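The values are calculated or read from the model by the stated rules, or taken from the named source; none is laboratory data. Bear in mind that the values here come from a model prediction, so they are computed numbers and not experimental data. All Cβ positions, even for glycine, are placed from backbone atoms using ideal geometry, and neighbour counts span all protein chains on display. Just so you know, the surface numbers come from the protein's heavy atoms only, side chains and all, with ligands and any DNA or RNA stripped out. Shrake-Rupley method; radii C 1.70, N 1.55, O 1.52, S 1.80 Å.
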Amino acid sequence: MKPSVTAPAPKIRFSVMSPFHAELKRRVDAHFASTGRSPQGGFAMWLKTATLFAWLAGSYAVLLFCPVSPWQAALLVASIGLAMAGIGFAVQHDANHGAYSSSPRVNGAMSVTLDLLGASSYLWRLKHNVMHHTYTNVSGLDADLESGSPHLRLARWQPRRRFHRWQHFYVWILYAPFPLKWWFVDDLRELVSGRVGEQAFAPARGWTLVRALALKAAFVSWAFVIPALLHPTWALIPLWAIGVSTLGIVLASVFQLAHCVDQAEFVEPDFARSSKPDWAEHQVSTTVDFARGNRLLSWYLGGLNFQVEHHLFPRICHLHYRALSAIVEETCRAHSVRYRAEPTLRGALAANVRWLRQLGAAA
């Protein structure tokens, strides 16, 4: 079921497809026609999915059923956190966008991997696919941008508080427990209330709600109940903390690097409504690629270091983003649209820290 949104905040309307957007679509269509490849993932995605789940299952099984030392247990639970993040980046993300497979049933089945990792795929499609992808970095309409308030100031229109001057230091502490808030506070509140921040949507009812809660229970069972039945709780608490912190820091950091940096643009709704920007140009202006030459990082992040390409073509599997990036950059150059990319992961992290420090500084 796809949630419908009714928002009290005024929406913005994008202009009719610009020459830039039209040529970009034509070039990408021509790329797939000339190569004969499907825009979806095919066998390579199945192999990648099996590899990631084998990583998660292997780490989990060794931790639970094999005698290990404390430091080995810490490494294994960190491995579980990294594997969960990898599945989130590469499997559920494509599936919930309909990019994993040409089959809606396969995409639907793979989208459930997010629920089995603790978060609601029903809400993800609303907050990420609809709100974030349509209104990227737009005040009041991009749920991701407002999610840190009031503890983090991520955009200039958000109120500045005195403690924000230290946000580029304490942000990592906030990232660590954020999965717990996502799983057990935000999801449950939003499922019941039918609201994400200021945005209203049809709340989950009937089978949709039962399914969401049942999958949440399945996650709690494998992540918390089964380990507690096999091992003493006192030994599990620090391990849970390590696993959740690893997952939280990796997830939050990656999703910040593409939009909350000094090269990305941030848009007030009044300006967007008056100027009626082209949707594709808006996506390019509010998004930044990073570390495009790092193939290992690209594999692990599910192509999310090619965020410009992902925002322009969210229904194309991430395995194609590297090839598409050359097309996108060339088309941007031909139409004088600024294409932004940080050359390294280190540079992207530094850009995010600079932005947080800049917004936290006194006026």
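Taking the 1.4 Å solvent-accessible surface of region 41-146 as the whole, the part contributed by carbon and sulfur is 74%.
Per the Kirkwood formula applied to alpha carbons, region 284-328 shows a radius of gyration over Rh ratio, Rg over Rh, of 0.91. Note on region 214-258: semi-axes of the ellipsoid equivalent to its C-alpha gyration tensor, largest first and rounded to whole Å, are 25, 15, 5. Taken over region 115-226, the convex hull of the Cα atoms encloses 107 Å³ per residue. Shape index of region 284-363: Rg/Rh, with Rg the Cα radius of gyration and Rh the Kirkwood radius from the inverse mean 1/r over Cα pairs, equals 1.02. Paramagnetic label reach from GLU268 (point 7 Å along Cα→Cβ; backbone nitrogen cut-off under 12 Å): within region 142-159, residues 156-158. When a 1.4 Å probe is rolled over the protein heavy atoms, the share of accessible surface on region 220-355 that falls to carbon and sulfur comes to 63 percent. Projected over every direction and averaged, the convex hull enclosing the alpha-carbon atoms of the chain yields 18.9 nm².
The residues ILE237, ILE80, sorted by heavy-atom accessible surface at 1.4 Å with ligands and nucleic acids left out, run ILE237, ILE80 from largest to smallest.
Note on the chain: with a GNM built from Cα contacts shorter than 10 Å, the maximum mean-square fluctuation among LEU209, LEU239, LEU191 falls on LEU209. A simple charge model with +1 on the Cβ of Lys and Arg, -1 on the Cβ of Asp and Glu and nothing else charged puts the dipole of the chain at about 240 debye relative to its Cα centre. About its Cα centre, region 156-291 has a charge dipole of approximately 560 debye under the convention of +1 per Lys or Arg Cβ and -1 per Asp or Glu Cβ, with nothing else charged.
What is the P(r) of region 1-119, as percent of Cα-Cα pairs per 10 Å bin from 0? Calculated P(r), rounded to whole percents: 11, 27, 27, 21, 10, 4, 0. Using the 1.4 Å probe convention, the accessible area of region 210-363 works out to 43 Å² per residue with neighbouring protein chains retained. Computed over the Cα atoms of region 188-324, pair by distinct pair, the Kirkwood hydrodynamic radius stands at 18.8 angstrom. Bridging of LYS25 to aspartates and glutamates at a Cα separation below 20 Å is possible for ASP94, ASP278, GLU281, ASP289, GLU309, GLU329, GLU330, once same-chain residues fewer than 8 apart are set aside. With the simple model of a label 7 Å out from the Cα in the direction of the Cβ, TRP172 to SER103 spans 4.4 nm. Annotation: amide H of ALA200 within the under-5 Å range of THR6, ALA7, sequence separation 5 or more or interchain, hydrogens built in the peptide plane. Each listed q (0.14, 0.22 Å⁻¹) maps to a log10 I(q)/I(0) for region 180-267 from the Debye sum over equal C-alpha point scatterers, namely -0.75, -1.12.
Divided by 2.2 N^0.38 Å, where N counts the residues, the Cα radius of gyration of region 181-231 comes to 1.37. Dividing the summed -39500 (n - 2.57) terms of all DSSP H runs of n ≥ 4 by the residue count of the chain sets its mean residue ellipticity at 222 nm at -17000 deg cm²/dmol. For the chain, the membrane-span-like helix rule (DSSP H, alpha carbon extent of at least 18 Å along the helix axis, mean Kyte-Doolittle at least 0.5) picks out 43-65, 70-87, 206-220, 233-257; this says nothing about an actual membrane. In the context of the full set of protein chains, residues of region 15-173 present 44 Å² of accessible surface per residue (probe radius 1.4 Å, heavy atoms only).
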